[in-house]
Amino acid sequence: MRKTILKILAFSIVSLALSQQPYRSVDQVREEWTDFTSYQREEMVSFCDFLFREGQYERCLLTSFQLLYKFPTDPLKPAVLYYIARCYEEMGNYNLAHRYYRQVKNSESKTSITYRAASYRDLYINLMANEIDDLMETTEATDDPYLITFRGYGYMKRLQWEDAKISFISAQELFKHSHYNKLMMPLYQAIENVASVPKHNRYLVFLSGLIMPGGGQFMLKEWDKGQGVLTSVGLLALIATWGNVNTLVGSKQIMESEGSSLPIFENFKQGRNDVSLTGPDKIPSTVKIKSYSLRYIIPPLAISGGIFIGSVWKSFMDTQEKNERLVEFYIQERIDRISPERFLDFPEPSLVSTKE
């Protein structure tokens, strides 16, 4: 019995000794935690880069903000801010993209790749958001070929062809590379083709408006306006034809219809507008009437005439604006096809370094 108890006690002591964890110092715990957080950071950085390259911009934003929250002093913070700005840019939220690009610029030196990329992207957004005045102010007197190229696009949007051409020639000379020469050629061709954009002849538009109500608007392909003018003038002219109103002359009164009229007076005075009686029945032999046509015809004719003349003059004056819109449409279409995005080939920061 005693031997059994001793064996049980010995087994328990050995099991207890084996089950105890080895003692770890504070430095060891700190080192293990550092390894864990470093692993967690690398996972988040890789996942953020993967989401951006896959076009999952909303999820990339969420992961980027989580990364900044957990590692606020990380050396990759400028690159993460750059990724956030790029996500907002791809999502079309240009205001927030501006904000984060400028945060990158405020946190980096002017010679860093991240600063230069953020500067280029910030001005590129000015161009995409039609913030041409800000773009021109920032790029004035610059000798950077990328910025001069953006400036040339800005001149194209302002329809300043000579200035745009000069900017592109200057940028081409600064690039000094055949690759950019090929990129510039379609821009020159687009500027040359502006003269061939079909435009409306304002005198032909004026003549069309004189021939038919709304004709000028139809020539300008403003179908709704032309239909409105044609309908308004036609209805008012029709109303004018209904304006022939006749009333009986004198102090006669008519009960019900003219066929059953019964004068209730007698002893007619002799005069210009008097009526004579045919017999003792007191029925007038003649009844004189007076027309009030002009009173009801002139107002609708005057209004329709005003609409007609006004539409002719309006179409004549709108022709220049319409032609400018045609040119703007042509330029925007060319810019969409020859996008300034083709020139965004500068080095950009990356969260994950790749070895080639």
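FYI, it's all coordinate maths here, none of it is from the lab. None of these values were measured; they are calculated from a predicted model. Backbone-built Cβ (ideal geometry, glycine too); neighbour counts: all protein chains shown.
Hey, what do the phi angles of region 176-185 turn into as Karplus ³J(HN,Hα) couplings, whole Hz, using 6.51/-1.76/1.60 and θ = phi - 60°, x for Gly and Pro?
6, 8, 5, 4, 6, 4, 5, 5, 7, 4
I need R151, R158 ordered by Cβ neighbour count within 10 Å, fewest first. Let's see the in-between values first.
Details: R151 27, R158 15.
Listed from fewest to most nearby Cβ atoms, that is R158, R151.
Can you compute 3J(HN,Hα) from phi for each residue in region 299-315, using the Karplus curve 6.51 cos²θ - 1.76 cosθ + 1.60 with θ = phi - 60°, rounded to whole Hz and x for Gly and Pro?
Rounded to whole hertz, the list is x, x, 5, 5, 5, 5, x, x, 5, 5, 5, x, 5, 5, 5, 5, 5.
Pairs of Cα atoms under 8 Å, at least six residues apart: use those to get the relative contact order of region 33-109, whole percent. All intermediate terms of the calculation are to be shown ahead of the outcome.
Working: 57 pairs, mean separation 18.6, N = 77.
Across region 33-109, relative contact order equals 24 percent.
Assuming 0.890 mPa s and 25 °C, estimate D for region 87-151 with Stokes-Einstein, Rh taken as the Kirkwood radius over Cα pairs, in µm²/s. Can you show the working numbers first?
On the way: Rh = 12.0 Å.
Stokes-Einstein gives a translational diffusion coefficient of 204 µm²/s.
Let me know the charge dipole size of region 132-196 about its Cα centre in debye, to the nearest 20, where only the beta-carbon of Lys, Arg (+1) and Asp, Glu (-1) is charged. It would help to have the intermediate numbers written out before the result.
Details: 6 positive and 10 negative charges, 72 e Å.
Using only the charged Cβ atoms, the result is roughly 340 debye.
Determine the alpha carbon to alpha carbon distance for each of K165/K221; K77/K110; K182/K322; K105/K182 and list only those over 23 Å. Mind showing how you got there, number by number?
On the way: K165/K221 32 Å; K77/K110 16 Å; K182/K322 33 Å; K105/K182 31 Å.
Cα-Cα > 23 Å for K165/K221; K182/K322; K105/K182; rest within.
Once the piece of chain linking N106 and N130 is laid out straight, how much longer is it, given 0.36 nm per residue of separation minus the C-alpha distance between them? The partial results should precede the final answer.
Numbers: separation 24, 0.36 × 24 = 8.64 nm, distance 2.41 nm.
Once the chain is fully extended between N106 and N130, it gains 6.2 nm.
Rounded, prolate or oblate: which one fits region 132-196, using the alpha carbon gyration tensor with axes a ≥ b ≥ c (rounded when a/c is under 1.5, else prolate when a/b beats b/c, else oblate)?
On the way: a/c = 2.40, a/b = 1.04, b/c = 2.30.
Cα axes put region 132-196 in the oblate bin.
Check E131: other-chain or 5+ apart residues with amide H under 5 Å from its amide H, H built from backbone geometry?
Those lying under 5 Å, H to H, from E131: there are none.
Output wanted: per-residue J couplings in Hz (rounded whole) for region 100-105, from phi through Karplus 6.51 cos²θ - 1.76 cosθ + 1.60, θ = phi - 60°, x for Gly and Pro.
7, 4, 6, 5, 4, 5
Which order do Y330, Y153 fall in if you start with the one that has the fewest other Cβ atoms within 10 Å? Before the final figure, lay out the partial values.
Details: Y330 16, Y153 24.
Going from sparsest to densest Cβ surroundings: Y330, Y153.
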